[in-house]
Amino acid sequence: MEKIYIALVDTPGLFANIIRLAIKREYIHVVLGLDEELKEAYSFGRRNPHIPFFSGFERENLKTIERAFPTARYRIYSLDCTGEQKEMMREKLRDLYTCRFRYHYCVWGLPFLLLKKPFYQKRHYTCSSFLARFLEESGIRLFGKHFSLVTPADFYDHKNQDILFEGPLSEFLQRDEGYGTVKGVLYEG
């Protein structure tokens, strides 16, 4: 068995606060990682952490996110997958990244999401709808509803979570300096 990693992210900001009010959870963003350190991680979000208006498919850079949002919090858990599924995901994510500017954030889908009406606009996703569809197409079906109706709250509430970390991003990044972090508590690794 192999593992993939789901990171739930809490960042400050006006748009984040609106999402937080709508889904009633502190974690408002979802990221897919192929490694435990999230060095190879992808999501639908801001192309530049400082500018909320330009969003789409991106590879996450945790150090850039920490500089933009020093108070960001992460909750990271793992999901089981087969080696074949993981390799297929890796290849597809890298292919998507090469044409990432064709993909955009689905702003028009947000009212439909609030009304619980499925909505899909070609190559437009929210972070959670992209991840739900991507996982489903990879053979990992987590939710019994249309991918466009999946929110970060669904990932937060997912029952089979093996939580590896929960706490400030700054503590998570300290792992690169010879430390490991579990649930916000440092331990020497």
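Listed conditions (1) touching an Asp or Glu at 6+ places or on another chain (Cβ under 7 Å); (2) surrounded by 18 or more Cβ atoms within 10 Å (Cβ to Cβ) are all met by Lys3, apart from (2). Take the residues in the stretch 141-157 that are over 16 Å from Val9 (Cβ atoms) and among the small types (Gly, Ala, Ser); name whichever of them is least open to solvent (accessible area, probe 1.4 Å). Across the stretch 141-157, the extreme among qualifying residues is Ser148.
Looking across the stretch 97-112, just one residue is in a loop (DSSP other than H, G, I, E, B), surrounded by 11 or more Cβ atoms within 10 Å (Cβ to Cβ) and modelled with pLDDT of 90 or more, and that is Tyr103. Check Asp80, Asp35 and return the single one that is in contact (Cβ under 8 Å) with a residue 40 or more places away in the chain, surrounded by fewer than 21 Cβ atoms within 10 Å (Cβ to Cβ) and over 15 Å from Asp10 (Cα atoms). Going through Asp80, Asp35 in turn, just one is in contact (Cβ under 8 Å) with a residue 40 or more places away in the chain, surrounded by fewer than 21 Cβ atoms within 10 Å (Cβ to Cβ) and over 15 Å from Asp10 (Cα atoms): Asp80. Of the residues making up the stretch 113-140, those that are in contact with a helix residue (DSSP H, G or I) (Cβ under 7 Å, 6 or more places away or on another chain), in a helix (DSSP H, G or I) and open to solvent by 40 Å² or more (accessible area, probe 1.4 Å) number 3. Might you let me know whether the stretch 10-27 holds any residue that is surrounded by 13 or more Cβ atoms within 10 Å (Cβ to Cβ), among the polar types (S, T, N, Q) and in a loop (DSSP other than H, G, I, E, B)? Looking through the stretch 10-27, at least one residue is surrounded by 13 or more Cβ atoms within 10 Å (Cβ to Cβ), among the polar types (S, T, N, Q) and in a loop (DSSP other than H, G, I, E, B).
The values are calculated or read from the model by the stated rules, or taken from the named source; none is laboratory data. These numbers were taken from a predicted model, which means no experiment stands behind them. Heads up, the Cβs are rebuilt from the backbone with ideal geometry, glycines too, and the neighbour counts pull from every protein chain shown. When the accessible area is computed, the model is the full protein with side chains, heavy atoms only, and any ligands, DNA or RNA have been set aside. Shrake-Rupley method; radii C 1.70, N 1.55, O 1.52, S 1.80 Å.
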